[in-house]
Amino acid sequence: MNKLGFIAILCAVLWACGEKPKAINNTTSEKEAPKPARVERPNFDADSAYAFIEKQVNFGPRVPNTESHRKTGKYLANKLGSYGFNIIEQKAKVTAFNGVSLDMTNIIGEYLPEKNNRVLLFAHWDTRPFADQDTKDKNKPIDGANDGASGVGVLLEIARQIQIEQPSIGVDIIFFDAEDYGQPSGGMTPPKPGTWCLGSQYWGANPHKANYSANYGILLDMVGAKDAFFTKESISMYYAPHIVNKVWKNARDLGHGKYFVFQETQHVGDDDHVYVNKLMKIPSIDIIQYDPSTGAFGKHWHTHDDNMSIIDKSTIRAVGETVLATVLAESK
């Protein structure tokens, strides 16, 4: 749908919603149309989410084929399972842009797997194998506190709260692997398509359940840095504008408008939501730190500065409360 058509429909809807009801008799006064319901603030512990992020970073860089990656994967599966989620570990070998064979594991947690009415939440748990955006130690792996651990940490805390709140809707949480092993830009080798998001590409071609579907999906990518803000990214707006608008409205209602900016911006490049949309046909959005004025994801992106020093509990709280409130509202 083009923008003019969308605006026309929106205006018609707003006009209809603003129309006053007809009087039943001469003594009945006209009433104003009810205001849209505001989402309820959920219990989300930013300290807990921060600890989940720190725990991952303490394992070391989570690069596929390394011991720290293996140990982190075991921890994440056990922790997610401890909150009542049924765990499926989808293991496979995928080939990186440079021909390296990667042992990857997508970690899938199911809450109320028997329910057809479902929401999908996802993030990637691996880290960049090199610091290609840094000026020093470019060939060494990064901590990935924000790019990797932050989304997973927020989702673990959401899983903990789901166990407490017991919503009636089914929820799937997926930690995708091998997202950040993509081909560096600016090299002598011609760019190859599809070198990023290998875990979500594999899952999209081989879902953990036949005919799997969800009402919508929400991706969390780089959601923990101080002073981060999140715009309405164009791929999200193309595939799932209604979900973007719902989530951003919820954020505003919760007082997090500073973080969730009502601005549409360009496609951020390959990210896991692209393949969930294209391969699984699940309308999915990306909550991702991106600054349109610089065209970058923050100065720390793919550098050794992506460590715990940049993680901010206020940002974590804004994202966690917004996403959890959105999920819990589906049970109302």
Here are some residues: Asp253, Asp286. Which one is in contact with a helix residue (DSSP H, G or I) (Cβ under 6 Å, 6 or more places away or on another chain) and either touching a residue at least 40 places away in the same chain (Cβ under 8 Å) or closer than 23 Å to Val57 by Cβ (or both)? Asp286
Name the single residue that is surrounded by the most Cβ atoms within 10 Å (Cβ to Cβ) among those in segment 211-263 being within 18 Å of Ile174 (Cβ to Cβ) and more than 16 Å from the chain's Cα centre (by Cα). Tyr212
Here's a check for you: in segment 156-202, which residue that is small (Gly, Ala, Ser) and at pLDDT below 95 is surrounded by the fewest Cβ atoms within 10 Å (Cβ to Cβ)? Gly186
Check whether at least one residue in segment 70-93 is in contact with a Cys (Cβ under 9 Å, 6 or more places away or on another chain) and closer than 20 Å to Ile311 by Cα, and report yes or no. no
Restricting the first residue to segment 169-188 and requiring it to be at positive phi, which pairs with a second residue that is part of a loop (DSSP other than H, G, I, E, B) and at pLDDT 95 or above meet a Cβ separation below 8 Å and a spacing of at least six or different chains? Ala178/Pro64; Ala178/Ala96; Ala178/Asp126; Ala178/Cys197
Select, from Ile282, Ile287, the only residue that is of a type in the set (A, V, I, L, M), under 24 Å from Val171 (Cβ atoms) and assigned to a strand (DSSP E or B). Ile287
Right, Tyr83: over 27 Å from Thr195 (Cβ atoms), crowded, with 21+ Cβ neighbours inside 10 Å and in contact (Cβ under 8 Å) with a residue 60 or more places away in the chain or not? no
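Rundown of residues vs (1) farther than 22 Å from Ala46 by Cα; (2) among the small types (Gly, Ala, Ser); (3) out of contact with any helix residue (DSSP H, G or I) (no Cβ under 9 Å at 6 or more places or on another chain); (4) not in a loop (DSSP other than H, G, I, E, B), yes/no style:
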| site | (1), (2), (3), (4) |
| --- | --- |
| Ser185 | yes, yes, yes, no |
| Pro191 | yes, no, yes, no |
| Gly194 | yes, yes, no, no |
| Gly199 | yes, yes, no, yes |
| Thr231 | no, no, yes, yes |
| His242 | yes, no, yes, yes |
For residues that are within 30 Å of Asp137 (Cα to Cα) and of a type in the set (Ser, Thr, Tyr), scanning just segment 271-329, find the one that is surrounded by the fewest Cβ atoms within 10 Å (Cβ to Cβ). Ser293
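The values are calculated or read from the model by the stated rules, or taken from the named source; none is laboratory data. The structure displayed is predicted, hence computed values, not measured ones. We place every Cβ from the backbone using ideal geometry, glycine too, and count neighbours over all the protein chains shown.
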